[in-house]
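Since the structure comes first, as structure tokens, the remarks are kept for the end.
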Amino acid sequence: MAITKMKFVATNTDAEHLDKMLLACVKSNLLHPEPAINIITEENGGKLISDENIYSEYITTLKTLGYNIGLNLKVKDDISKHYTKEEINEFILELEEQVSLAISKDSTYLTDDDKIALDKLNEYDFEKIHKCRYLSFGFGRLSHESFKKLTMHSKQPFIVNKLHENNQYYWVLYTTSVAFSRQINKIFDSLYLERISIPNIDVKKVVQKYSEKLNDVYTFCSINDELHQLHQYVLIMDEKHVVCGFVPEGKVDEFKKSFDGIPVDFRIKDVKDVSNLKPPTELKNNWFFKPFELFIDMYSLPGYNEIDPTVFVGITYCILFGIMFGDLGQGFILFLLGTFFEIKKKNRLMGVIARVGITSMIFGFLFGSVFGDEHILNPIHQSLFNVREKLFDVMASSNTMALLISAVAIGAVLILITMIINIFVKFKQHKLEEALFSQNGIAGFVFYGYVLCAIILNAMYSINITKPVYLAIFVGIPILLFFFKEPLGKLIEKENPKPHAGWGNFVLETIFEVLEIMLSFVTNSLSYLRVGGFVLSHAGMMLVVMTLVEMTGKSGPIVFILGNIFVMGLEGLIVGIQTLRLEYYEMFSRYYIGGGKKYKILTYED
């Protein structure tokens, strides 16, 4: 219904409290920040922060170390202490050393079966194995065939422990004395033992020892990395660190309270006082029209000084869709499905479907159609509207011309309404040339309104208002205003009205432009014929379905259900697209420019 009014806010503090100020800006959930580069000018002498962000490299290293020991690092709610760069470097070096001891050199190539065997081997304690002074150990996998050949070496001085097996290999640990290690190693090499190095330390012990501090350091680095990424919004001016942006007008006091306890100064300005910056746009609509913001986002958000077209789009989209898809039963299904998925999935498109379902039900009732049955509501119509059969029979040939004329009439009314909206917007933006002399301004409104009145009065009441004096005033003058729009606009702005390319080129180009304007009035009006066409199309498709139901006998109910589903899916999609086309190309083009930027609060992800 409106665009939220904004205030320009500049917060500043000293270098010592910069991080706290940035955290408060994020936690306020209110500030739309402006990049510092947009604020800096030669006049204010601002500078950017030029410190290097080393924390992103720390995060990558810590994540890799955590992955190597099977620890999924997570950012904690708080940290136990602040770490200096020296402390972080020392911790990483210590952890890298422990991880290298705990992980097998072959860890990159280990299979799941290898890891199972290593877990079994760990029952003997890796550290104790490596501390043995008089025993030598070997670990790896032997094929089934090689394992059988071990019996040939039964008199040799070694012991074999089988740790794991699958269909192809045995994983074994063999033990011998240091004195015989070379001899025994040759035997196992001859049996093609695929050796796996034994880790020096159990990974679980490393995790147990370092997990808490690792997560703590990771959290500290993540916070500082995020803060450094926010430095793009900080400028240094008069030895103060400043963050600028926009806050909703009604929440400035709430924004200030976010900085309680922090020595921060505020400068609040009206948006008009910072003309070099483009304020963000936040749409503000009630629950019914909120889903239609989807169409505005798809096209382009309105500029801060434009109007929010959401309500107008919501009303016209519902009415046009309801007319073209008028069926009480099918509209009710759309309403139920749309409402269910809007609540469950928070889906805006489903919200639109729920609302157009309501208008489909309304026009379906007026057309007397329920799931394609064109006669079930006749008794109700006869009692309510005192008619012979029903209020409006879409398929009656006598009503076809009235239906098409009504569609064009609806389009004409919408064109006039969009012109009024455009005039209001252009006056608000002080664009007098567009408001007064354009085809969508006062000149266009007078011209198009007169032509419509002349057609309606002559057709319905045989009143002729096409006398020369009327034509001169309501047709001739608007066409002249179209023609001389640019020079007249320059005169209003107190500029030289002479065209840049000369009067000759101006006249030649403008003749074609005026002819295009005349043609566009006709084509835009006739474009709404599709509204009547889709009313007939929908009724025709349901007539086919009902005919098939009668022809298929006992299978009729199944055909009835499938036919309705098919029509709802196909026709609903086509009507939805065509209605959106009318919104974008026939209405938006007359009064809406867009090009606004979305109100986006400051977050760490920025």
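Laid out as a table, the results:
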{"item": "Those residues of the range 591-606 which are in contact with a helix residue (DSSP H, G or I) (Cβ under 9 Å, 6 or more places away or on another chain), surrounded by 20 or more Cβ atoms within 10 Å (Cβ to Cβ) and at pLDDT 90 or above, in sequence order", "result": "TYR591, TYR592"}
{"item": "Some residue of the range 254-263 being open to solvent by less than 20 Å² (accessible area, probe 1.4 Å), farther than 30 Å from PRO302 by Cα, in contact (Cβ under 8 Å) with a residue 24 or more places away in the chain and of a type in the set (A, V, I, L, M, F, W, C)", "result": "yes"}
{"item": "Near pairs, Cβ below 7 angstrom, 6+ apart or cross-chain, from the range 354-374 (hydrophobic (A, V, I, L, M, F, W, C)) to any residue that is part of a loop (DSSP other than H, G, I, E, B) and surrounded by fewer than 21 Cβ atoms within 10 Å (Cβ to Cβ)", "result": "PHE365/LEU377; LEU366/LEU391; LEU366/PHE392; PHE367/PHE392; VAL370/ILE376; VAL370/LEU377"}
{"item": "Candidate set from the range 155-203 (those that are β-branched (Val, Ile, Thr), open to solvent by 20 Å² or more (accessible area, probe 1.4 Å) and touching a residue at least 40 places away in the same chain (Cβ under 8 Å)); member that is nearest to ASP114 (Cα to Cα)", "result": "ILE198"}
{"item": "Failed item in (1) touching a residue at least 40 places away in the same chain (Cβ under 8 Å); (2) surrounded by 14 or more Cβ atoms within 10 Å (Cβ to Cβ), with ARG133 passing the rest", "result": "(2)"}
{"item": "Cβ-Cβ under 6 Å pairs, at least 6 apart or on other chains, the range 331-347 side modelled with pLDDT of 95 or more, far side assigned to a helix (DSSP H, G or I) and β-branched (Val, Ile, Thr)", "result": "LEU334/ILE353; PHE335/ILE358; GLY338/ILE353"}
{"item": "Selected residue (only one of ILE88, ILE59, ILE79 is touching a Phe, Trp or Tyr at 6+ places or on another chain (Cβ under 8 Å), of a type in the set (A, V, I, L, M, F, W, C) and farther than 30 Å from ILE601 by Cα)", "result": "ILE88"}
{"item": "Helices (runs of 4 or more DSSP H) lying entirely in the range 275-375 (those with 1 or more residues that are farther than 30 Å from GLU249 by Cα)", "result": "310-324, 328-345, 348-367"}
{"item": "Residue satisfying condition, being more than 57 Å from the chain's Cα centre (by Cα) and not in a strand (DSSP E or B), within set LYS186, LYS205", "result": "LYS186"}
{"item": "Failed criterion for GLU212 (all others in (1) within 29 Å of ILE54 (Cα to Cα); (2) without any contact (Cβ under 8 Å) to a residue 40 or more places away in the chain; (3) crowded, with 20+ Cβ neighbours inside 10 Å hold)", "result": "(3)"}
{"item": "Residue check for GLU586: touching a residue at least 40 places away in the same chain (Cβ under 8 Å), assigned to a helix (DSSP H, G or I), more than 17 Å from SER369 (Cβ to Cβ) and acidic (Asp, Glu)", "result": "yes"}
{"item": "Some residue of the range 278-288 being open to solvent by less than 40 Å² (accessible area, probe 1.4 Å) and more than 17 Å from THR4 (Cα to Cα)", "result": "no"}
{"item": "All positions within the range 445-479 that are closer than 20 Å to ARG590 by Cα and either open to solvent by 80 Å² or more (accessible area, probe 1.4 Å) or of a type in the set (Gly, Ala, Ser) (or both)", "result": "GLY449"}
{"item": "Tally, over the range 225-253, of residues that are open to solvent by 40 Å² or more (accessible area, probe 1.4 Å), in a helix (DSSP H, G or I) and farther than 30 Å from THR61 by Cβ", "result": "4"}
{"item": "Residue match in the range 202-224 (condition: closer than 30 Å to HIS144 by Cα and at pLDDT below 95)", "result": "yes"}
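The values are calculated or read from the model by the stated rules, or taken from the named source; none is laboratory data. Keep in mind it's a predicted model, so treat the numbers as computed, not measured. We place every Cβ from the backbone using ideal geometry, glycine too, and count neighbours over all the protein chains shown. Side chains included, ligands, DNA and RNA excluded: accessible areas come from the protein's heavy atoms. Shrake-Rupley method; radii C 1.70, N 1.55, O 1.52, S 1.80 Å.
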